[in-house]
1. Do you know which of the residues in segment 1-22 that are part of a loop (DSSP other than H, G, I, E, B) and in contact with a strand residue (DSSP E or B) (Cβ under 7 Å, 6 or more places away or on another chain) is surrounded by the most Cβ atoms within 10 Å (Cβ to Cβ)?
2. Name the single residue that is most open to solvent (accessible area, probe 1.4 Å) among those in segment 100-122 being over 20 Å from Thr55 (Cβ atoms) and not basic (Lys, Arg).
3. Looking at (1) modelled with pLDDT under 95; (2) within 17 Å of the chain's Cα centre (by Cα); (3) among the aromatic types (Phe, Trp, Tyr), which is the only condition Tyr54 fails?
4. In this structure, does Thr25 turn out to be surrounded by fewer than 16 Cβ atoms within 10 Å (Cβ to Cβ) and closer than 24 Å to Ile127 by Cβ?
5. Taking Thr76, is it under 16 Å from Val113 (Cα atoms) and either surrounded by fewer than 12 Cβ atoms within 10 Å (Cβ to Cβ) or of a type in the set (Ser, Thr, Tyr) (or both)?
6. Taking the options Tyr126, Tyr85, Tyr61, name whichever one is out of contact with any Leu (no Cβ under 7 Å at 6 or more places or on another chain), loosely packed, with under 13 Cβ neighbours inside 10 Å and either farther than 22 Å from Leu32 by Cα or not β-branched (Val, Ile, Thr) (or both).
7. Looking only at segment 28-51, filter to residues that are of a type in the set (D, E, K, R) and open to solvent by 90 Å² or more (accessible area, probe 1.4 Å); which one of those is farthest from Phe109 (Cα to Cα)?
Amino acid sequence: FNDDLIDKYCERLIPIARKHFNSKTLTPSYSLFAHYQGENASLPKHLDDNACTYTIDLCLYQSETWDIWVDEKPYTLQEGDALAYYGNDQEHFRKNFPNPKHGYTGMVFFHFVEPEHWWIKKGPSYIDVIRGYLREDQWEIEQNYKKYLKIKCK
């Protein structure tokens, strides 16, 4: 899928997201496209741990509806419909994928954060600290080493 196109639409969504989430300062963190198909298509119950404070899910296409549940309430999206929710704070999931042999669904996920969020201040690699893969001091050493390599390689 074309990342430039997704970024273009994300930029167009900023005023809508700011109004809906009542934030004058939210900014895009990242967006992604997902195509669900087959027997392994699933979305288990979870809270996002990434830069997903504010989330807008857009249904691009589908062979049949596949409800998304947010805080135990189902939402049915038709093609072109979107759902806005707090990805880090509202538990969300999908139940069994409909018609796994022939079904398919295409979604774009637009995520936004406030400017002081770790994604903006420290960068995407800080997720390793959030998830407990690295301690803060290990992450800082790694970042300093990467900066050193950039300087040495120039």
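1. Ranking the qualifying residues of segment 1-22, first place goes to Phe21.
2. His102
3. The single condition Tyr54 does not satisfy is (1).
4. yes
5. no
6. The unique qualifying residue is Tyr61.
7. Out of the qualifying residues, it is Glu39.
The values are calculated or read from the model by the stated rules, or taken from the named source; none is laboratory data. Predicted model only: the values in this text are computed from it and were never measured. Positions of Cβ are backbone-derived with ideal geometry, glycine not excepted, and every protein chain shown enters the neighbour counts. Each accessible area value is taken on the protein alone, full model and side chains, heavy atoms only, with ligands, DNA and RNA left out. Shrake-Rupley method; radii C 1.70, N 1.55, O 1.52, S 1.80 Å.
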